[in-house]
Amino acid sequence: MFRSITKKTSAASRPAARGLPDPNRWKALVFISLAQLMVVLDATIVNIALPSAQHDLHISDANKQWVITAYALAFGGLLLFGGRLADLWGRKRAFVTGLTGFALASALGGAAANEAMLFSSRAAQGLFGAMLAPSALSLLATTFTDAKERAKAFGVFGAIAGGGGAVGLLLGGVLTEYLDWRWTFFVNIPFAVIAALGAWLVIREPEGGRNRSPLDVPGVVLSTLGLVSLVYGFTRAETSGWSAVSTIGLLVAAVVLLATFALVESRTKAPLLPMRVVADRNRGGTYLSLGLAIIGMFGVFLFMTYYLQVVQGYSAIRTGFAFLPMVAAFVTGSTQIGARLVTRLPARALMAPGFAVAAVAMLLLTRLSVGASYPGVILPGLVLLGLGMGTAFMPAMALATSGVQPRDAGVASAMVNTSQQVGGAIGTALLNTLAASATATYLASHKATAGGAQLLQARGLVHGYTHAIWVAVAIEAAASLIALFAVTAGRPGSTRVASSDQDASVQDEPEIPVIAH
């Protein structure tokens, strides 16, 4: 009888107790979203300030890329490790530690007296960002358990994750023009302090969510080296070309290291990345479709920034304002369409059409010309891109962390960030290289008339941009098809979406004896 009481309690009472909503969950969302906004802003805000920083610190043209690359390598290479630390230490502790470290690194960057200090601060920002990003997403996934509330929370989070980069362009332009480039670093400090203090006071660490297994050191080394090689390989391709020995060597090394990592993880008792996280069809399909969608979006985002500033002559601030309709559309798609329908429709019924609408938006942007009208050509494309990606992002992020064991929430969240980071690196390098090649071919086959050299150069740039955007259309269409056919789950957050490993988590937990009085 004692045994039967034990089984009933462990199977029903504990999950019910754990399912009680956190009374501070909406306050927690504010501070989690604030931290996410800081990380997303930092991906673009420094880009606007780079020319001023380069001039003040006497950074050479050959070295200036390291302001971006140092951050990308540390962030992309350490994401899985950061997600595992969140599972090991506890998400709240990892979240606050990441915020504190990010604030200190930002202070170092703002006070940089030479290029070494600036590069070091960017690498440190990437390191702590790799701890912060997955812990923020996993906190969101474990804090909101009700399907409708979860949808609203992920709608807000998805809107910030997707639209914050454009806001970073605007904020970076304002700070650089009216204050100083150093403020693009200092602005992170109040964000981090408020988010860290708020998180410490209101966020509750979910029970039973830690994975106290020994740290998988070989997995950490292999994954970090593999992801760094992959991100840096695409970065080198952008600067040195795809046929360069360094590019080929880095990409080959990445394939070997990541293949070895997968082999080691499948045979390790306590892996850094449990294969159950990525082997699930729905999560695997979500990671792949989201990564492909990011490739297309980042490429177009880059080209539109170049187009508006270089071809149309927009200032940094005006460029930021030009992207605001896309941000508004992204927020609408995420919070008003995705969040409202995600509890009523299967995830693929939102993801596939969302990515398809983004492909149509990019198709509209292939009509760019030197004197293209902003209201007639650019604005419709940006608005559709924001609506499509916003609608798809919300269910994708929710599904990627749904049905996962609490002890794996950190690494599952890290995989979302990894697919975004690697997708961004691939998109920037691949599409930028294709655009540059198409521009060079166009200029070689056209001769400038007297006084028309500048116009020819502008036409060549636009030809390159539209050529690459056509490729982005195909990539976005592929993301839509993968979401349609590979993702078969029900509504994210519903009981039907849970995979078999969620049931295993209940069975694996030790039974707590209960004595009946």
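The values are calculated or read from the model by the stated rules, or taken from the named source; none is laboratory data. Here the structure is a predicted model, which is why all the values come from computation and not from measurement. Cβ: placed from backbone, ideal geometry, glycine included. Neighbour counts: every protein chain shown.
I need the full set of residues from segment 67-91 which are over 20 Å from the mean Cα position of the chain (by Cα) and either modelled with pLDDT of 85 or more or not in a helix (DSSP H, G or I) (or both), in order please. Gly90, the sole residue that qualifies. For segment 460-479, the condition of being within 30 Å of Gly98 (Cβ to Cβ), at pLDDT 80 or above and in a helix (DSSP H, G or I) holds for at least one residue. Restricting Gly320, Gly386, Gly338, Gly381 to those that are touching a Leu at 6+ places or on another chain (Cβ under 9 Å) and under 19 Å from Val473 (Cα atoms) reduces the list to Gly381.
Do we find a residue being buried (at least 20 other Cβ atoms within 10 Å of the Cβ) and of a type in the set (Val, Ile, Thr) anywhere in segment 163-173? Checked against the condition, which is being buried (at least 20 other Cβ atoms within 10 Å of the Cβ) and of a type in the set (Val, Ile, Thr), segment 163-173 yields no hits at all. Among the residues of this structure, Gly338 counts as one that is touching a residue at least 40 places away in the same chain (Cβ under 8 Å) and under 21 Å from Gly155 (Cβ atoms).
Would you say Thr176 is surrounded by fewer than 20 Cβ atoms within 10 Å (Cβ to Cβ), over 18 Å from Leu80 (Cα atoms), in contact (Cβ under 8 Å) with a residue 40 or more places away in the chain and of a type in the set (S, T, N, Q)? Explain how you work it out, then say what you get.
On the way: surrounded by fewer than 20 Cβ atoms within 10 Å (Cβ to Cβ): no; over 18 Å from Leu80 (Cα atoms): yes; in contact (Cβ under 8 Å) with a residue 40 or more places away in the chain: yes; of a type in the set (S, T, N, Q): yes.
No, not satisfied.
Among the residues of segment 259-274, those that are part of a helix (DSSP H, G or I) and either within 19 Å of the chain's Cα centre (by Cα) or not basic (Lys, Arg) (or both) comprise Ala259, Thr260, Phe261, Ala262, Leu263, Val264, Glu265, Ser266. Ala244 falls short of the stated requirement of being buried (at least 17 other Cβ atoms within 10 Å of the Cβ), of a type outside the set (S, T, N, Q) and not assigned by TED's automatic domain parsing to the domain that holds Gln421. Residues in segment 362-382 that are crowded, with 19+ Cβ neighbours inside 10 Å and free of Cβ contacts under 8 Å to residues at least 60 places away in the same chain: 2 in all. Taking the numbered list (1) assigned by TED's automatic domain parsing to the domain that holds Gln457; (2) in a helix (DSSP H, G or I) in turn, Gly313 passes all entries but (2).
Can you confirm whether segment 435-446 contains a residue that is outside any helix (DSSP H, G or I) and modelled with pLDDT under 85?
Yes; the residues of segment 435-446 include at least one that is outside any helix (DSSP H, G or I) and modelled with pLDDT under 85.
Applying the selection to segment 434-489, what residues are more than 17 Å from Gln312 (Cβ to Cβ) and basic (Lys, Arg)? Matches in segment 434-489: Lys447 only. Here Glu265 fits the description: within 29 Å of Val487 (Cβ to Cβ) and acidic (Asp, Glu).
Any residue at all in segment 377-389 that is part of a loop (DSSP other than H, G, I, E, B), assigned by TED's automatic domain parsing to the domain that holds Ala479 and not aromatic (Phe, Trp, Tyr)? No: segment 377-389 contains no residue that is part of a loop (DSSP other than H, G, I, E, B), assigned by TED's automatic domain parsing to the domain that holds Ala479 and not aromatic (Phe, Trp, Tyr). Within segment 149-170, not a single residue is farther than 29 Å from Ala328 by Cβ, touching a helix residue (DSSP H, G or I) at 6+ places or on another chain (Cβ under 9 Å) and among the acidic types (Asp, Glu).
Table: residues versus (1) part of a helix (DSSP H, G or I); (2) touching a Gly at 6+ places or on another chain (Cβ under 6 Å); (3) more than 27 Å from Ala347 (Cα to Cα).
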| site | (1), (2), (3) |
| --- | --- |
| Phe154 | yes, no, no |
| Gly158 | yes, no, no |
| Leu169 | yes, yes, yes |
| Gly172 | yes, no, yes |
| Leu175 | yes, no, yes |
| Trp181 | no, no, yes |
| Ile189 | yes, no, yes |
| Ile194 | yes, no, yes |
| Trp200 | yes, no, yes |
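Within segment 399-411, is even one residue under 23 Å from Leu73 (Cβ atoms), of a type outside the set (D, E, K, R) and part of a helix (DSSP H, G or I)?
Yes, because at least one residue in segment 399-411 is under 23 Å from Leu73 (Cβ atoms), of a type outside the set (D, E, K, R) and part of a helix (DSSP H, G or I).
Scan Val231, Val277, Val256 and give me the residue that is part of a helix (DSSP H, G or I), within 28 Å of Lys92 (Cβ to Cβ) and out of contact with any Ser or Thr (no Cβ under 8 Å at 6 or more places or on another chain).
Values: Val231 fails: within 28 Å of Lys92 (Cβ to Cβ); Val256 fails: within 28 Å of Lys92 (Cβ to Cβ).
Of the residues listed, the single one that is part of a helix (DSSP H, G or I), within 28 Å of Lys92 (Cβ to Cβ) and out of contact with any Ser or Thr (no Cβ under 8 Å at 6 or more places or on another chain) is Val277.
Residues being surrounded by 21 or more Cβ atoms within 10 Å (Cβ to Cβ), more than 21 Å from Ala74 (Cα to Cα) and among the hydroxyl-bearing types (Ser, Thr, Tyr) are represented in segment 297-310 by at least one member.
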